[in-house]
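Chemist: The structure is given below, and queries will be raised subsequently.
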Amino acid sequence: MNGVAVVTGAGSGIGAAVAGALLDAGWRVALAGRRAAKLDGVAAGRADAYPVGTDVTDPESVAALFAAVRDRWGRVDLLVNNAGTFGPAGTVDEIAVEDWNDAVAVNLTGSFLCARAAFAAMREQRPQGGRIINNGSISAHVPRPGSAAYTATKHAITGLTKSLSLDGRAHGIACGQIDIGNAATDMTAGIATGAKQADGTVRPEATFDVAHVAGAVVHMAGLPLTANVQFLTIAATTMPWLGRG
């Protein structure tokens with residue numbers, strides 16, 4: 001049996017696929033998210049799945065999540081920081097400050113709070129150590145039109161990943177990032193029908209099966225702590241992202 005994992009945003013989309021793949025690979029998995037019914041659906045029939053209602057923007061909720069996982073299984077070996085939102089669309093002058101703050105709270109502060117709690121657990125536990133995998137995005141490299149909030153938070157996730165990697169060395173904590181482009185989920189369904197391009201046109205974009213994202217995360221998670229996938233980019237082959245063209 002593999003170790004103990006926490007997956008945020010686990011009620012649907014990429015999070016649900018990753019949680020399911022980790023369970024299939026023998027991990028014990030805490031499913032974190034806001035929608036209890038969705039978490040229960042992912043956990044149904046899975047003895048090693050543990051749904052925990054969590055708001056990643058709330059420090060007390062995050063602390064309660066990790067306390068519950070440690071109470072149940074004694075340690076934390078893996079965090080998959082997946083919870084996220086596209087946030088507001090529009091040019092920067094069209095974005096309301098409250099909408100900007102909401103995107104930062106989920107995408108960046110939520111990842112920080114979960115990484116903070118996981119890092120503390122991994123540093124304290126014996127044997128020491130663990131792994132954190134952050135969900136970046138193609139937008140951690142290049143933006144879509146009208147996506148300043150989402151793009152800024154995803155660029156910031158790269159900085160968080162690098163800092164966690166550096167600071168975790170002394171404690172056996174590895175950190176990597178997976179940057180995903182157009183995995184087919186409900187959240188990205190609109191992209192397949194038509195997405196605004198850098199030249200102002202709207203065109204459908206290719207997508208790919210989210211199961212391949214889940215497989216990539218399982219691979220990253222399964223490495224010994226002496227090895228780390230620092231950055232992994234997985235995208236639909238013909239997705240317009242290199243220069244967004």
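Chemist: Looking at Gly159, Gly181, Gly168, can you tell me which residue is crowded, with 21+ Cβ neighbours inside 10 Å and at pLDDT 95 or above?
Modeler: Being crowded, with 21+ Cβ neighbours inside 10 Å and at pLDDT 95 or above holds for just one of Gly159, Gly181, Gly168, which is Gly168.
A quick yes/no check of all residues on (1) under 22 Å from Val6 (Cα atoms); (2) under 14 Å from the mean Cα position of the chain (by Cα):
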{"site": "Thr151", "(1), (2)": "no, no"}
{"site": "Met187", "(1), (2)": "yes, yes"}
{"site": "Gly190", "(1), (2)": "no, no"}
{"site": "His219", "(1), (2)": "yes, no"}
{"site": "Pro240", "(1), (2)": "no, no"}
{"site": "Arg244", "(1), (2)": "no, no"}
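Chemist: All but one of (1) at pLDDT 95 or above; (2) of a type outside the set (S, T, N, Q); (3) surrounded by fewer than 19 Cβ atoms within 10 Å (Cβ to Cβ) hold for Ala16; which doesn't?
Modeler: (3)
Chemist: Also: Given (1) outside any helix (DSSP H, G or I); (2) closer than 22 Å to Arg34 by Cα; (3) out of contact with any Ser or Thr (no Cβ under 7 Å at 6 or more places or on another chain), where does Ala83 come up short, assuming only one miss?
Modeler: (3)
Chemist: Can you confirm whether Ser147 is under 13 Å from the mean Cα position of the chain (by Cα) and either touching a residue at least 24 places away in the same chain (Cβ under 8 Å) or surrounded by fewer than 24 Cβ atoms within 10 Å (Cβ to Cβ) (or both)?
Modeler: no
Chemist: Being touching a residue at least 60 places away in the same chain (Cβ under 8 Å) and of a type in the set (Gly, Ala, Ser) is the requirement here; does Ala21 meet it?
Modeler: yes
Chemist: What number of residues in region 74-86 are of a type outside the set (Ser, Thr, Tyr) and surrounded by fewer than 22 Cβ atoms within 10 Å (Cβ to Cβ)?
Modeler: So the count comes out to 3.
Chemist: Oh, and also: Of the conditions (1) outside any helix (DSSP H, G or I); (2) modelled with pLDDT of 95 or more; (3) more than 27 Å from Val92 (Cα to Cα), Thr238 satisfies every one except a single condition; which number is it?
Modeler: Every listed condition holds for Thr238 apart from (2).
Chemist: Determine which member of the set Ile157, Ile132, Ile191 is among the hydrophobic types (A, V, I, L, M, F, W, C) and assigned to a strand (DSSP E or B).
Modeler: Ile132
Chemist: So which residues in region 163-188 are of a type in the set (D, E, K, R) and outside any strand (DSSP E or B)?
Modeler: If the condition is that a residue be of a type in the set (D, E, K, R) and outside any strand (DSSP E or B), then Asp167, Arg169, Asp186 are the ones that fit.
Chemist: Only one of Arg123, Arg144, Arg131 is among the basic types (Lys, Arg) and under 23 Å from Gly53 (Cα atoms). Can you tell me which?
Modeler: Matching residue, one of Arg123, Arg144, Arg131: Arg131.
Chemist: Take Ala37 and decide whether it is out of contact with any strand residue (DSSP E or B) (no Cβ under 8 Å at 6 or more places or on another chain), surrounded by fewer than 17 Cβ atoms within 10 Å (Cβ to Cβ), assigned to a helix (DSSP H, G or I) and at pLDDT 95 or above.
Modeler: When the stated conditions are applied, Ala37 passes them.
The values are calculated or read from the model by the stated rules, or taken from the named source; none is laboratory data. Treat the numbers as computed from the prediction; the structure is a model and nothing was measured. Glycine also receives a Cβ, built like all others from the backbone with ideal geometry; neighbour counts cover every protein chain displayed.
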